[in-house]
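These notes are about the structure you will find just below.
The numbers here are math on the coordinates, done by the rules we state, and not lab data. This structure is a prediction, so every number in the text was calculated from the model and none was measured. Positions of Cβ are backbone-derived with ideal geometry, glycine not excepted, and every protein chain shown enters the neighbour counts.
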Amino acid sequence: MSEGAESPSELAARVKAGDRGAVARALNLVDDRRSARRADALVLLDALEGQGRGRRIGLTGAPGAGKSTLLDALATGLRARGRTVGILAVDPSSRKSGGALLGDRFRMGASARDAGVFFRSLAARDQLGGLAEVAGASVEVLAAAFDVVFVETVGVGQSEASVADFVDTLVFVAQPAAGDLLQFMKAGILEWPDVFFVNKSDLEGLATRTATELRAGLDLGRGEDPADRPPVLSGSARDGVGIDALIDALDAHHAKQDRTGEFRRRREAGRLARIESALVRRYGRFGLARLGGRPALEAFVAAHPARSAEGVIDALGARFEAGFAAKSEP
Amino acid sequence: MSPRPDSRADSRPVSRPEKPWLFRTYSGHSSARASNALYRSNLAKGQTGLSVAFDLPTQTGYDSDHPLARGEVGKVGVPICHIDDMQTLFDAIPLEQMNTSMTINATAAWLLALYVATAERQGGSARKLRGTTQNDIIKEYLSRGTFGFPPEASMRLTSEIVSYTVANVPDWNPINVCSYHLQEAGATPVQEIAFSMANAISLLDSLRASGDLRASGDLRASGDLRASGDLRDADLAKVFGRISFFLNAGIRFVEEMCKCRAMTALWEEIGRTRYGITDEKMLRLRYGVQVNSLGLTEAQPENNIVRIALEALGVTLSQRARARSLQLPAWNEALGLPRPWDQQLSLRTQQILAYETDLLEYDDLFDGSHVVERRTRELMDAARAELENVLAMGGAVAAVENAYMKQKLVESHTARIRAIESGALTVVGVNAYRETVESPLVQAGTSSILKVDESAERAQIESLRAFRSRRNAAEVATAIRQLEDAIRAGQNIMPPSIAAAKAGVTTGEWTEVLRRVFGEYRAPTGVAASSAAAASPADSQVRERVDALSQRLGRRLKILVGKPGLDGHSNGAEQIAVKARDAGMEVVYDGIRLTPEEIVQSARDEGVHVVGLSILSGSHGVLVVDVVERMKAAGLGAIPVVVGGIIPPEDARALERAGVRRVYTPKDFDLARIMGEIVDVVAEANRAA
């Protein structure tokens, strides 16, 4: 089926029905830089806005922490519980040439080939910011089709913040190593994640120590009620140890978010943050101020609850460009 | 032997020349019966040993009727599913009198068990068997790809075979540490020496440390090895002496000869210094050789006859570093499967070298040669340094897991291909002297290669099913349970495997038990981190075209590189993946052993613009067409498919008729050109865009 043969709203309906071919085409569409396709992408994203049934979970950690293996184990565990899984793996390995070897699918192992698991890799390409836009839109597509959506990124520090903008739950995968605490604190990692998982618990002494240090760091660094502090779990993705407990912890986090209203608050805040950073990236702080700053942004979003983040970005951008063009003409 | 006091300068020496090496031909295809006939006719022609090629399902532990085996049964070797197959394979060949080399790795313990059981059924005894199990898993992760289990489990299997055979089959070579495949994967002579020595050391170290803790009761009773504690020095020397090597011989035959001398000296040095061995006999490096197959060219293939003879000379010329056994490929291997006549020519080449020339009448020709000794020393020094480097990172297993060795090989291979592309390395008939008249040897078309009868697979499956229904199910179930219990209890795998062989357990069932206990494994590909070589003008041009097309497509050009089937020779696919990345494409490389279903799922999920398939096992007819059909059925028919592999022209045309856009064979060495054509193919498929 050629990509032009179906309308974006037909495509949206097929995505919502879980049609995997449609999901793939929708992901191609939101990644498409051609202006003619951009309009279709916005129609698609608007149609999917607020429809996403899937929980969004970010998985981050340093290279070598075992994220792919953990993802493999989580996908297998979730499939055993009858849930479908969508995965977006962001690969940082792109080159000056623009080319990239997307190796996550390979590292995932068997579950990437399970018919109930959808896997898309995305190259980081030119800049992290532009990536966040495509990744955010891709997550919307996946969440409309699958029960659980994972976003895997490599990162220690900065990138967690931007991933946190489009997931409900952020999991940090730590690798046992001596002297971790200082590293974690320096990188600011303790601030964002909702769940910590110390992988490779077969390295027993080290893993226990890393978990203890993380807990101590969270006691120091996060002001919440001790009962609300993020859980620190440990296990071995390779041997399938501790995976069920991790899935339970993710479910518990979601249940709590639903109970407290945190779920809505976070989605709204994340959406605003994504819109704001995209506008700042395009038009600068100055441009955002010209649009009326953050208050005007919040008002616009509140007035257009059904529009996708991408739709809002384009609408406000068009307004700015029109205003700028009008003022600069004689 | 010389000087020969009774020979005058102008007459033939009368003393008997040295006994030649073993002549083998790596062969096997279609079925146990067809291969048995081939072996008997080869032996009748003067071949002195056997070298069994197993098909990929047998090598990776699947029965012939497993879904992954489809299209692969009997293709690159003989299918062996159970003891009756093995018995047919060696029908009228008394195993006690034969010297058999088996190219088998992940399932080495099983095929050895079948071999021992077959010998016993013939009325023979295990103690008298002579031969070799390749059994070198580390290089499977690096090159050949027929591994089955994680490295730790594989090392355990290897060492159990070693301790079993040292005690019970004393003339058996339980492991053939392979540098052969390292060279195929791109290794320089230095890497070939260093990495294979590192492999051997990791095995010896683990044996020394474990002290054969897993020896089964009957082994302990035999008293050859201690059941626990460190190996006695005598045992260690015996094990050291049983380790043999399997080398490659390339066309740079002077350097190759120096490589053999360097390895011989380094191995002795390692034996003395690292393991304290003093027995001269045990310290002697023993190795067999298959001369380089991948260096054989498809263009002007008759040139390969000369290449093969020169390569054989490289590993036989120096008496002190001469191969113990030699197998020569056939001149037309780059075209397809050789016929019996092609194999006969290779055997005759060996016989001329051994019996017609005066090669075997002299002591070492190069002792005292400054030139040879200097080159040998240079290779040794550089190899020793690289070996220490690998040992410092924890040895060969660690250097597989962190992908160090694999990356180094991919880099060397990339450099080699660049050199052929640029003309810095001359390959006659390929990048130089390409003018040629029509070759009468290839004019014959398909008749110049052997076609495996497509009905062989069906017949094999039928006979397997008949075997399953006639065996005693209760005995099979007991044997499987006892095998699993023994492995879990840490006992030597050989005795329960031999019992399982006799009870009628199949290759797939045996391996299934091991997969259950050890888990499966996917080795690192080594491509992700391999560094790009400097771009040539042709590369920059391709990159600009990729950029322009990506603009037009709206997304960066994305390609899936896939290997359908069981063929694990991933070097070609890896080179394409690295090149595509350097040309500016986004590359999804899923590694080896994929079913057509899995490839189509990847292509769809990843939203690629083009699919590149690599397949060298000869099963392209079934598997590639299957991928193309499934793509169409999944609504992905607009995504072009290109294929690379050892594909005869008739097959290439058939693939193109089935919808494949381009077919590449070994003669297409210019990767920049291939990349350019991939851009063309994608542009064509997206003309409307």
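Using the Kirkwood radius over Cα pairs, work out the Stokes-Einstein diffusion coefficient for region B:421-472 at 10 °C and 1.306 mPa s, in µm²/s as a whole number.
Approximately 100 µm²/s, per Stokes-Einstein.
Which FRET efficiency value, to the nearest 0.05, do you get for B:A415 and B:H370 by plugging their Cβ-Cβ distance into 1/(1 + (r/R0)^6) with R0 = 51 Å?
0.95
If you put +1 on each Lys and Arg Cβ and -1 on each Asp and Glu Cβ, how big is the dipole of region A:264-328 around its Cα centre, in Debye rounded to 20?
240
Neighbouring Cβ atoms within 10 Å as the yardstick, rank B:S143, A:S162, A:S121 fewest first.
Ascending number of Cβ neighbours within 10 Å: A:S162, B:S143, A:S121.
Average partner chain C-beta neighbours within 10 Å, per residue of B:587-594?
The per-residue average across the peptide is 5.
Could you pull out every residue, at least 5 positions away or on a different chain, whose amide H is within less than 5 Å of the one on A:A124? Hs are placed 1.01 Å off N in the peptide plane, and Pro or chain starts have none.
A:D91, A:S93, A:S94
To one decimal place, what orientation-averaged projected area in nm² is obtained for the convex hull of the Cα set of region B:326-371?
Quarter of the Cα hull surface area: 4.9 nm².
Please name whichever of A:V241, A:G311, A:V15 sits farthest to the positive end of the charge dipole of the protein assembly as shown, dipole taken about the Cα centre and charges placed at Cβ: Lys and Arg +1, Asp and Glu -1.
A:G311
Each label point is 7 Å from the Cα along the Cα-to-Cβ direction; what then is the distance between the points at B:E650 and A:R38, in nm?
Between B:E650 and A:R38, the simple spin-label model gives 5.6 nm.
Which listed residue (B:Y664, B:N571, B:H620) has the Cα farthest towards the positive end of the charge dipole for region B:537-685, taking +1 on Lys and Arg C-beta and -1 on Asp and Glu C-beta about the Cα centre?
Projecting each Cα onto the dipole axis, the largest value belongs to B:Y664.
Counting residues in the protein assembly as shown as N, plug N into 2.2 N^0.38 Å and put the Cα Rg over that result.
That works out to 1.02 for the protein assembly as shown.
Output the relative contact order of chain B, whole-number percent, from Cα pairs under 8 angstrom with separation of 6+ residues.
It comes to 16 percent, rounded to a whole number.
Express in % the proportion of alpha carbon pairs of region B:99-151 at distances exceeding 13 Å.
61
Can you tell me the FRET efficiency between A:D258 and B:N402 if r is taken as the Cβ-Cβ distance and R0 is 45 Å, rounded to the nearest 0.05?
0.55
Cα atoms only, region B:537-685: Rg and Dmax in Å?
Final numbers for Rg and Dmax: 14.0, 40 Å.
By counting other Cβ atoms within 10 Å of each Cβ, how are A:K256, A:K16 ranked from fewest to most?
Ascending Cβ contact count within 10 Å gives the list A:K256, A:K16.
Just counting partner chain Cβ atoms within 10 Å, what average do the residues of peptide A:20-28 show around their Cβ?
Average per residue, whole number: 4.
So who's got an amide H within less than 5 Å of the one on B:V78, skipping anything under 5 residues away but keeping other chains? H placed 1.01 Å off N, in plane.
B:H29, B:A53, B:F54, B:D55
Exceeding 30 Å between C-alpha atoms, which entries from my cross-link table qualify? They are B:K579/B:K632; A:K67/A:K256; A:K67/B:K75; B:K128/B:K281; A:K67/B:K408.
A:K67/B:K75
Sorted from fewest to most neighbouring beta carbons within 10 Å, what does the list B:Y180, B:Y62 look like?
With the sparsest Cβ surroundings first, the list reads B:Y62, B:Y180.
Work out, step by step, the length gained on full extension between B:V254 and B:V428: first 0.36 nm times the residue separation, then minus their alpha carbon distance; give nm to one decimal.
60.8 nm
How many percent of the alpha carbon pairs in region B:20-88 exceed a separation of 17 Å?
More than 17 Å apart: 41 percent of the Cα pairs in region B:20-88.
Give me a comma-separated list of calculated 3J(HN,Hα) values for region B:449-463, in order, Karplus coefficients 6.51, -1.76, 1.60 applied at θ = phi - 60°, integers in Hz, x for any Gly or Pro.
Once rounded to whole Hz, the list reads 10, 8, 9, 6, 4, 4, 7, 4, 4, 5, 5, 5, 5, 4, 6.
To the nearest 20 debye, what is the magnitude of the charge dipole of the protein assembly as shown about its Cα centre, counting +1 on the Cβ of each Lys and Arg and -1 on the Cβ of each Asp and Glu?
Charge dipole of the protein assembly as shown: 380 debye, to the nearest 20.
What is the packing order of peptides B:241-249, B:359-367, taking the mean over residues of other C-beta atoms within 10 Å and listing the highest first?
Result, highest mean first: B:241-249, B:359-367.
Could you compute the FRET efficiency for A:E298 and A:F324, with r as their C-beta to C-beta distance and R0 at 30 Å, rounded to 0.05?
Taking R0 as 30 Å, the efficiency between A:E298 and A:F324 is 0.85.
So who's got an amide H within less than 5 Å of the one on A:L233, skipping anything under 5 residues away but keeping other chains? H placed 1.01 Å off N, in plane.
The list, which skips near neighbours in sequence, is A:F196, A:F197, A:V198.
Quick one: Karplus J couplings for region B:38-52, per residue in order, coefficients 6.51, -1.76, 1.60, θ = phi - 60°, nearest Hz, x for Gly and Pro?
Rounded to whole hertz, the list is 4, 4, 5, 6, 5, 5, 5, 8, x, 5, 10, x, 10, 9, 8.
Which whole number gives the average, over all residues in B:556-564, of C-beta atoms from other chains lying within 10 Å of the residue C-beta?
2
Name the residue from B:W21, B:V542, B:I559 whose Cα lies farthest towards the positive end of the charge dipole of chain B, charges +1 on Cβ of Lys and Arg and -1 on Cβ of Asp and Glu.
Value: B:W21.
Relative to the compact globular guide of 2.2 N^0.38 Å, what is the alpha carbon radius of gyration of region A:1-51, as a ratio?
1.00
Whole-Hz ³J(HN,Hα) for each residue in region B:117-131, computed from phi via Karplus 6.51 cos²θ - 1.76 cosθ + 1.60 with θ = phi - 60°, x for glycine and proline: what do you get?
The phi angles translate into 4, 5, 4, 5, 5, 6, x, x, 10, 4, 4, 9, 6, 10, x Hz.
Return the inverse of the average 1/r over all pairs of distinct C-alpha atoms in chain B, which is the Kirkwood hydrodynamic radius, in Å to one decimal.
Result for chain B stands at 26.2 Å.
Work out the length of the dipole vector of region B:224-375 about its Cα centre, built from +1 on the beta-carbon of each Lys and Arg and -1 on the beta-carbon of each Asp and Glu, and round it to the nearest 20 debye.
Roughly 400 debye, rounded to the nearest 20.
Stokes-Einstein D for region B:336-478 at 10 °C, 1.306 mPa s, Kirkwood Rh over Cα pairs, in µm²/s?
Taking Rh from Cα pairs, D becomes 70 µm²/s.
Hey, what's the Kirkwood Rh for region B:53-92 if you take every pair of different alpha carbons, in angstrom?
It is 10.1 Å.
How far is it, in nm, from the label point at A:E191 to the one at A:A17 when both lie 7 Å from their Cα along the line to the Cβ?
4.6
Using only the alpha carbons of region A:264-328, determine the length spanned along each of the three principal axes and report them from longest to shortest in whole angstroms.
41, 20, 18
Would you mind computing, in nm to one decimal, how far apart the modelled labels at B:D91 and B:E18 are, each placed 7 Å from Cα along Cα→Cβ?
Here the answer is 4.0 nm between the modelled labels.
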